[in-house]
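The values are calculated or read from the model by the stated rules, or taken from the named source; none is laboratory data. The model shown is predicted, which means the values in this text are computed figures rather than measured ones. Here the Cβ positions follow ideal geometry from the backbone for every residue, glycine too, while neighbour counts run over all protein chains shown. Side chains are part of the model used for accessible areas, which takes the heavy atoms of the whole protein and leaves out ligands, DNA and RNA. Shrake-Rupley method; radii C 1.70, N 1.55, O 1.52, S 1.80 Å.
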Amino acid sequence: MAALLEVEGLVKHFPVNEGVFLSRLGKTVKAVDGVSFTVDEGETLGLVGESGCGKSTTGRCINRLLEATAGRIRFAGADVRRLRRQDLKAYRRDVQFIFQDPYASLNPRMTFGEIMAEPLVIHGVGTRRERQDRCKEMLETVGLNPEHIHRYPHEFSGGQRQRVGIARALMLRPKMIICDEPVSALDVSIQAQIINLLEELQQEFGLTYLFIAHDLAVIRHICDRVAVMYLGKIVELGGWREVYNSPNHPYTQSLLSAVPVPDPEKQRRRARIILKGDVPNPIDPPSGCRFHTRCPLAQFPLCSEQEPALRQVAPGHQAACHFAKPFPIPEHKMGREALFDGDSE
Amino acid sequence: MAPLLEVDDLHMHFFTRDGVVKACDGVTFTLEAGRTLGVVGESGSGKSVTAMTIMRLIPEPPGKVVSGDIRFKGESILAMSEREQRRLRGNRIAMIFQDPMTSLNPVYRIGEQIAEPLRLHKKMTRKEAWAAAVELLRRVGIPQAEERARNYPHEFSGGMRQRAMIAMALACGPDILIADEPTTALDVTIQAQILELMQEIQQRTESAIIMITHDLGVVADMADHIMVMYAGKAVEYGSADEVFYHPLHPYTWGLLDSLPRHDVDDKGALCPIQGQPPSLIHLPPGCAFGPRCAYAGPACRRTVPPLVDIEQGHLSACLFAGDAAFIARYENRVTRAGAGAEVGG
Ligand SMILES: Nc1ncnc2c1ncn2[C@@H]1O[C@H](COP(=O)(O)OP(=O)(O)OP(=O)(O)O)[C@@H](O)[C@H]1O
Ligand SMILES: Nc1ncnc2c1ncn2[C@@H]1O[C@H](COP(=O)(O)OP(=O)(O)OP(=O)(O)O)[C@@H](O)[C@H]1O
Ligand code: SF4
Ligand SMILES: [Mg+2]
Ligand SMILES: [Mg+2]
């Protein structure tokens, strides 16, 4: 299958605007620092990682909501960073965005109908009448009453608003949707409704998803392939089975072991890997492997001096660790010691 | 001997301009020393209001305990004088919140804030209290505790603030620690640190924990007993294993089925609960879950089901929970795709 989206060496650095001193030094936040992946037509690629690792920034650069600092983005063969005017407009029709917060992303003074018709108006699609019909049809598609076009967001629950956000993204019949934490703010029972809806719509419209989330269980459920990010880099990339059933990077393994599973019996038997400290500051990321300050396997000076490349560990499965192998952290390295090892800040 | 904490058919209502909000409307549980009660339920189901009522932190008006009782070691908290309540709070029963900034004062040093309750409740001198605060910070795994105690809250990371809050709550060696979503705002690797820390402290001090969360993984990890809340009511209460493996209420069934499976290789569609939770001002007649319940019958619309002990300490507020044939409809369901096709952890 052909790749619909190809991202190569994507970099996004933000100037530091806190404190004159740091910005004078030319310091930058290395939000995304050399990220490469592809997304095939019709598939769902998951981007997962802890807060601040650069997931949203990656998504925004792809959609040109942000201009990348460096790297190449190709969509259906076109060089996305070079697109101008009409071509950029057409690209933005094809690649839509769904946001996490259904409260903040919908204008409270607009009715659902106005919110949904807006992209059509911007792109000059259809007559007023046709637009209204399309809105009603789309509301029905996402499981809402078509009569709701005259109602306002505040009258609805989080799940219903997220449905409107999805309907809006679908109005221009995009090829791809970047979903940035679309279910993170929702309760489990509503979250399941929205996940099912996204899956049905993918089938119905042949959509391609870039699905951003920090919830590993949701990513596992919805994605075909998964990219795990840490401090602006992809540390592991592969099919969901490979990544979840045989993680090759110690960070992936730690993440998976840290998520409590909803099964008391199993949870009692599991050992969890406690990483020490917090994620370091992306203004001054650690040298060598960025994970070395928290990694239970790090060997010095190798890991603090040489950056491990993202290399193939199995067909279609890559990891960026000098010691990449399935379940790299042995049982005796798991456990509580790290808890009192002190935060490495 | 009386149990550590008994909550007996508690009703806390808010009298607002729009009507009476039945935020906590029939909550019953007991908590023994050294045990953990997990409280789960969707947003707005009354989890925090229940906790705040136990702490006597809800202003009256607009709130009012309409009926029911809360007993600490056999003595009614509701009947206590304000002074006695204050002595209990922070000293015997302490609370930690989702957002540490709500209980940390930004203009005082962390150490001073932890020392404060020690001077108040334990009559320590300023110097003794400071030394105790530093020791507490060390116990919750803050490195260089002596220097860190001099920091202000904004100089701490999210995970460290949560640790500082735990230190503050532990200062007086409380019998009960109420934790309201203590890890919801944290990343999974930091959540793992905090959960591990709470378990470690509990083993050492024999304190009881009430763990409020919407994350069923967290309750599976922490809880001995579980209370499931829906629309202000406790709808199920029992041991963690009973609630997870033999749930007796259709809402619990729906919650468990909404979760993405973590253990099967075949990803079928999720089974969400249809619809939205009701407004607490206009509760539907009969069972509040009735309109969303896939198993509801005509009787459910007529009678408000009481919370009944079905199997020695396993309580359910479903009219049919005692009916083996009814429960079998859930246990033998085939709707859950992939159920039974377990492929190991
Ligand atoms: N406009 C900006 N200016 C400066 N720094 C920024 C900007 N946007 C993001 N950052 C920084 O870039 C890093 C990556 O942020 P990003 O929002 O992409 O993370 P994320 O993985 O989406 O996190 P989350 O899970 O919290 O949404 C963070 O350190 C963030 O503080
Ligand atoms: N002071 C108040 N006046 C009126 N209603 C209130 C007040 N405080 C809380 N409520 C209502 O009580 C209900 C229960 O709220 P509560 O905060 O206990 O929910 P929760 O289960 O903790 O939800 P979440 O998971 O979102 O924290 C909500 O509908 C809320 O709007
Ligand atoms: S390269 Fe070294 S520090 Fe980085 S993940 Fe591998 S072992 Fe750990
Ligand atoms: Mg983000
Ligand atoms: Mg709450």
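Summary table
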item: Solvent-accessible heavy-atom area per residue, rounded to whole Å², over the protein assembly as shown at 1.4 Å; result: 43
item: C-alpha center-to-center spacing [segment B:148-199, segment A:160-178] in angstrom; result: 39
item: In nm, spacing of pseudo-spin labels at A:D101 and A:Q299 (7 Å Cα→C-beta vector); result: 4.6
item: For residues of B:267-275, the mean tally of beta carbons on other chains within 10 Å; result: 6
item: Separation in nanometres of the label points that stand 7 Å from Cα toward Cβ, at B:D99 and A:A2; result: 4.9
item: Contact order normalised by residue count of chain A, Cα under 8 Å, 6+ apart, percent; result: 18
item: Stokes-Einstein D (µm²/s) once Rh is taken as the Kirkwood radius of segment B:137-198 over alpha-carbon pairs, at 37 °C in 0.692 mPa s; result: 270
item: MRE, 222 nm, helices only [DSSP H, n ≥ 4, -39500 (n - 2.57), over the protein assembly as shown, to nearest 500]; result: -9000 deg cm²/dmol
item: Summed residue charge, Cβ within 11 Å of A:A324's Cβ, Lys/Arg positive, Asp/Glu negative; result: +1
item: Buried on assembly, segment B:172-189 (at least 50 Å² less accessible surface than by itself, 1.4 Å probe); result: B:D187, B:V188, B:T189
item: Check: the protein assembly as shown dipole with +1 on Lys, Arg Cβ and -1 on Asp, Glu Cβ, in debye; result: 1760
item: Cubic angstrom per residue, convex hull over Cα atoms of chain B; result: 154
item: Mean separation of Cα contacts under 8 Å (6+ apart) over length of segment B:269-324, as relative contact order %; result: 24
item: Sulfur and carbon atoms: percent of accessible area, segment A:120-266 [1.4 Å]; result: 44
item: Relative contact order (percent, whole number), chain B, Cα cutoff 8 Å, 6+ residue spacing; result: 19
item: Rounded, prolate or oblate (a/c below 1.5 giving rounded, otherwise prolate when a/b exceeds b/c) for segment B:205-304 by Cα gyration tensor; result: oblate
item: 10 °C / 1.306 mPa s Stokes-Einstein diffusion coefficient of segment B:54-107, Kirkwood radius on C-alpha pairs, µm²/s; result: 123
item: Under 9 Å, Cβ to Cβ, from A:V11 - net charge with Lys/Arg +1 and Asp/Glu -1; result: +1
item: Computed label-point distance, nm, for sites B:H246 and A:R82 using a 7 Å Cα→Cβ extension; result: 6.9
item: Summed buried accessible area for B+A [probe radius 1.4 Å, Å², rounded to 100]; result: 4500
item: Sulfur and carbon atoms: percent of accessible area, segment B:59-174 [1.4 Å]; result: 50
item: Stokes-Einstein translational diffusion, segment B:1-132 - Kirkwood Rh over all Cα pairs, 0.692 mPa s, 37 °C, in µm²/s; result: 197
